[in-house]
Amino acid sequence: MKLISTLILSALLSACSFWFPVQAGAGLPHFSQLAPRPGSRITALTLTDLTGQSVDLATEMRGRPTVLQLGSYSCPVFRYRRFDLQELMRQYGDRVRFLVIYTQEAHPAHAKSPYRDGEWNPLINRLSGVQLDQPETATERRRRAQWAQSAMSLESRFLLDTMDNSAWTALGKAPSPAWVINSEGFVQLSQPWVEPEEIAHTLDLLLSEDQ
């Protein structure tokens with residue numbers, strides 16, 4: 001069933017560009033005002049990892065370039081872009097840190113979406129059998145993130161947003177954004193929707209400067 005769902009998702013999204021935002025920031029006009037911008041630092045955040053240990057995000061990102069994502073499994077963009085992120089990790093994983101902050105579900109089943117006034121159950125989720133409830137406790141969110149990491153075969157280090165979604169709020173209230181942060185902790189690239197080609201270009205520039 002997992003293989004069938006993955007094949008359906010990959011085929012549909014590869015063939016149909018309209019599943020994805022066609023313009024940076026499309027549908028997220030607030031992102032550029034709320035999210036950390038290039039030249040700034042990520043807001044101080046204390047999160048937890050998948051073992052329940054407290055993590056200071058600034059300390060976690062110190063010392064080498066970092067690709068930081070925020071997302072949830074019910075977001076189709078987050079799920080599909082994992083294939084590109086896996087490739088980025090193969091290319092840069094020995095020199096770059098990859099972090100994922102797992103936050104509230106973008107499209108919870110039978111519950112209000114953070115991005116709509118009511119439930120938002122995308123067709124791609126229904127076709128691929130992704131019908132997930134919204135975790136109500138930190139333990140439930142940790143289990144969901146553990147499951148999602150395994151289901152997507154992602155080697156990124158997963159951190160957990162707080163149950164009041166402090167990271168989601170501080171980072172721009174978007175379902176699948178991404179940032180590239182340099183080794184000194186300054187944002188080099190801010191994306192409302194994760195775009196791997198732009199991430200790769202930014203990493204190449206950063207790594208060439210460090211040589």
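The values are calculated or read from the model by the stated rules, or taken from the named source; none is laboratory data. Just so we're clear, the structure is a prediction, and the values are computed from it rather than from any experiment. Cβ placement follows ideal geometry from the backbone for every residue including glycine, while neighbour counts extend to all protein chains displayed. These area figures cover heavy atoms from the full protein model, side chains too; ligands, DNA and RNA do not enter into them. Shrake-Rupley method; radii C 1.70, N 1.55, O 1.52, S 1.80 Å.
For the reader, a short list of remarks on this structure follows.
- In a reduced charge model with +1 at each Lys and Arg Cβ and -1 at each Asp and Glu Cβ, segment 80-140 shows a dipole moment near 300 debye about its Cα centre.
- Degrees, to the nearest 10: 138-152 long Cα axis against longest axis of the chain: 90
- Electrostatic bookkeeping for residue 47 treats Lys and Arg as +1 and Asp and Glu as -1; over the other residues with beta carbon under 13 Å from its beta carbon, the sum is -2.
- The C-alpha radius of gyration of the chain, expressed as a fraction of 2.2 N^0.38 Å, stands at 0.97.
- Look at the alpha carbon pairs under 8 Å that are at least 6 residues apart: their mean separation over the length of segment 106-159 gives a relative contact order of 25 percent.
- Nearest-ten-degree value, helix 196-210 long axis tilted from longest Cα axis of the chain: 20
- For segment 153-209, the Cα gyration tensor yields ellipsoid semi-axes of 23, 13, 12 Å (square root of five times each eigenvalue, largest first, whole Å).
- When you filter the GluC sites (Glu not before Pro) in segment 103-211 for DSSP loop state and at most 16 other Cβ atoms inside 10 Å of their Cβ, you are left with 119, 136, 155, 184.
- Probing with 1.4 Å while keeping every protein chain in the model, the per residue accessible area of the chain equals 49 Å².
- Segment 77-149, accessible surface, carbon-and-sulfur percent (1.4 angstrom probe): 45
- Sparse-neighbourhood loop sites, trypsin sites (Lys or Arg not before Pro) in segment 46-100 - DSSP loop, at most 16 other Cβ within 10 angstrom: 62, 95
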